[in-house]
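Single-structure report; data block below.
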Amino acid sequence: MRVHVADHPLINHKLTYLRDERTDSPTFRRLAEELVTLLAYEATREVRVEPFEIRTPVAPTTGIKLSKPKPVIIPILRAGLGMLEGMTRLLPSAEVGFLGMVRDEETLEVSAYANRLPDTLTGRQVFVIDPMLATGHTLVMAFEFLRDLGADDITTVCLIAAPEGIETVRAAADQLGIPVTLVVGAIDERLDERGYIVPGLGDAGDRLYGVV
Ligand SMILES: O=P(O)(O)OC[C@H]1O[C@H](OP(=O)(O)OP(=O)(O)O)[C@H](O)[C@@H]1O
Ligand SMILES: O=c1cc[nH]c(=O)[nH]1
Ligand SMILES: [Mg+2]
């Protein structure tokens, strides 16, 4: 698994405000969207393109356009929804699938409650978006769903990751035999005893949408 940490002052500036416990929900949502747009720039560096003949007002020229099949963006609900708008702004022609997953706050085990994905993912560029990679259990289960649909090219975009979770996801990607790229805004210090990222930002879903 390739890991790319987007080290950029604008990203670090926005992450700092996102982390700040004084940041309210509307501002948190705006920052999450802005951050994913910046990270998506890196995550789409290898998006597939093909030559495209055009004519400018001055002369004919060959440019490029995104090739088919269209990429697929998969937000992991709830918190991944907070990154969807920013991602589709950069890839407006992408299709969008959905995975709903929640981790048990006590056991940290994950369960899936929603699954609406294309019939096949073979040959498609798949972008999984979820702000937090903590233990990695959520992403591992997501990869298993995607592997069952034939996924062979996955890029995951996260705002913050814990080192422990990255290693878990790396091992799972190797075991599943799927080429995975992880693009992340920051790798934090560690997980605490409740499975929260330290310093992190708390519960991303709650901060985006309130406690349910
Ligand atoms: O790496 P893990 O330890 O699996 O944790 C990461 C997951 O935890 C959060 O979701 P959560 O389960 O809180 O659901 P929510 O998005 O509905 O709040 C987050 O958005 C990730 O999906
Ligand atoms: O720190 C964490 C860990 C998991 N999920 C979150 O939203 N935050
Ligand atoms: Mg949550």
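When the chain is modelled as a GNM with alpha-carbon springs shorter than 10 Å, which of Val49, Val128, Val184 fluctuates the most?
Between Val49, Val128, Val184, it is Val49 that shows the largest mean-square fluctuation.
Could you sort 116-127, 15-26 so that the peptide with the highest average Cβ count within 10 Å comes first and the rest follow in order?
116-127, 15-26
Could you name the aspartates and glutamates in cross-link range of Lys65, using Cα to Cα under 19 Å and dropping any fewer than eight places away on the same chain?
Result set, ordered by chain and number: Glu42, Glu46, Glu50, Glu53, Glu95.
Sort Arg170, Arg55 from largest to smallest accessible area, using a 1.4 Å probe on the heavy atoms of the protein chains.
So, going from the largest accessible area down, we get Arg55, Arg170.
What does the C-alpha gyration tensor say about the overall shape of region 1-160? Classify as rounded when a/c is under 1.5, otherwise prolate if a/b is larger than b/c, or oblate.
oblate
With the dipole of region 84-133 worked out from charges on the C-beta (+1 for Lys and Arg, -1 for Asp and Glu) around the Cα centre, which of Leu108, Gly123, Gly86 lies farthest toward the positive end?
Gly123
Roughly how big is the chain's charge dipole about its Cα centre, with Cβ charges of +1 (Lys, Arg) and -1 (Asp, Glu), in debye to the nearest 20?
Charge dipole of the chain: 920 debye, to the nearest 20.
When all C-alpha to C-alpha distances in region 131-197 are sorted into bins of 10 Å, what percent of pairs does each bin hold, rounded to whole numbers?
Calculated over all Cα pairs of region 131-197, the distribution is 22, 55, 21, 2 percent.
Rounded to the nearest 500, what is the chain's calculated 222 nm mean residue ellipticity when only DSSP H runs of at least 4 contribute -39500 (n - 2.57) each, over all residues?
Rounded to the nearest 500, it is -10000 deg cm²/dmol.
Which percent, to the nearest 5, of DSSP beta bridges fully inside the chain are antiparallel?
Antiparallel bridges make up about 40 percent of those DSSP assigns within the chain.
Putting +1 on Lys and Arg Cβ atoms and -1 on Asp and Glu Cβ atoms, find which of Thr181, Gly202, Phe143 reaches farthest to the positive end of the dipole of the chain.
In the chain, that residue is Thr181.
With r as the distance between the Cβ atoms of Ser67 and Asp104 and R0 = 30 Å, compute the FRET efficiency 1/(1 + (r/R0)^6) and round to 0.05.
Approximately 0.15, to the nearest 0.05.
Can you give the Rg to Rh ratio of region 120-164, both from alpha-carbon atoms, with Rh computed by the Kirkwood formula?
1.00
The values are calculated or read from the model by the stated rules, or taken from the named source; none is laboratory data. Everything numeric here is computed off the predicted structure, so don't read it as measured data. Note that each Cβ is placed from the backbone with ideal geometry, even for glycine, and that neighbours are counted across all protein chains shown. Keep in mind that these areas ignore ligands, DNA and RNA; they rest on the heavy atoms of the full protein, side chains included. Shrake-Rupley method; radii C 1.70, N 1.55, O 1.52, S 1.80 Å.
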